[in-house]
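Worksheet: the structure to be examined is printed underneath.
The values are calculated or read from the model by the stated rules, or taken from the named source; none is laboratory data. Because the structure is predicted, anything quoted here is derived from the model rather than measured. Glycine also receives a Cβ, built like all others from the backbone with ideal geometry; neighbour counts cover every protein chain displayed. Quick note on the areas: whole protein, heavy atoms, side chains included, nothing else; ligands and nucleic acids left out. Shrake-Rupley method; radii C 1.70, N 1.55, O 1.52, S 1.80 Å.
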Amino acid sequence: MMKSFTKPVQRRFLSLLLLFLPLYGLWMFGQGVWIHAKAQLAQVLLESAWSHTLQGQEEVKPWPWADTWPVGRLTVPRLGENRIVLAGASGASLAFGPGHLFNTASPGQAGNTVIVGHRDTHFDFVRELVRGDRLVFQTGVNHTLVYTVDDLLVVNDHHRDILAPAGEETLTLITCYPFDAIRPGGPLRYVVIARLALESSYI
């Protein structure tokens with residue numbers, strides 16, 4: 001009697017499981033598509049905001065509720081990489097691009113301009129930089145700064161000297177390290193230090 005009762009229950013459970021697994025797979029696939037589509041849309045909106053910035057508008061938010069805005073475009077000619085740099089380095093802004101730390105020099109001003117980004121997304125190219133590479137930072141339609149990579153460091157997160165003001169115009173890029181770490185947010189940081197080589201209002 002017990003066996004005859006157990007078999008229908010098992011069959012019902014297997015039927016529900018076979019129904020659930022494909023639905024769960026479709027849901028996960030949909031989530032992946034949505035995240036990818038959202039990321040692509042964000043880049044389109046960032047490009048639009050940057051375009052308006054180049055036309056002279058200030059603090060152009062890419063979407064109404066954004067707490068950030070484009071402050072420049074960073075290009076690495078050798079690698080063919082370019083990224084729109086956002087104001088601030090909150091978790092919300094870093095999800096969409098590298099961010100300029102507010103308490104460091106503004107791009108184009110004397111001092112140390114610090115930009116941070118995630119090693120596995122917008123700053124994935126940082127691992128390929130070498131000494132002598134050019135970093136081109138556009139801050140306006142007629143204002144471009146060209147930096148040369150001078151040093152590459154691995155430091156502890158508590159090593160705050162990398163954020164200190166510099167006597168010369170310096171661009172500092174920071175991301176998490178090691179690059180292939182399974183868990184993000186460890187104590188190590190990879191630091192790229194570049195010195196200003198050329199400033200032009202016509203490039």
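From the P(r) of the range 77-146, can you give the percent of Cα pairs sitting at distances over 13 Å? Everything past 13 Å amounts to 68 percent.
Between the beta carbons of Leu54 and Leu163, assuming R0 = 25 Å, the FRET efficiency works out to 0.30 to the nearest 0.05.
Qualifying GluC sites (Glu not before Pro) in the range 59-155, where qualification requires a DSSP coil assignment and no more than 10 other C-beta atoms within 10 Å, are lacking entirely.
Summarised in one figure, the compactness ratio Rg/Rh of the range 135-195, Cα atoms and Kirkwood Rh, is 1.05.
Stretching Phe102 away from Arg134 to a fully extended chain increases their span by 9.1 nm, per 0.36 nm per residue minus the current alpha-carbon distance. Ranking His122, His100 by solvent-accessible area of protein heavy atoms (1.4 Å probe, all protein chains present), from largest to smallest, gives His122, His100.
Ranking Tyr190, Tyr177, Tyr147 from most to least accessible surface, computed with a 1.4 Å probe over the protein chains only, gives Tyr177, Tyr190, Tyr147. Given their separation in residues at 0.36 nm each and the Cα-Cα distance between them, Ser90 and Arg78 gain 1.4 nm when the chain is fully extended.
For the range 64-203, the Kirkwood radius over C-alpha pairs fed into Stokes-Einstein at 4 °C and 1.567 mPa s yields D = 86 µm² per second.
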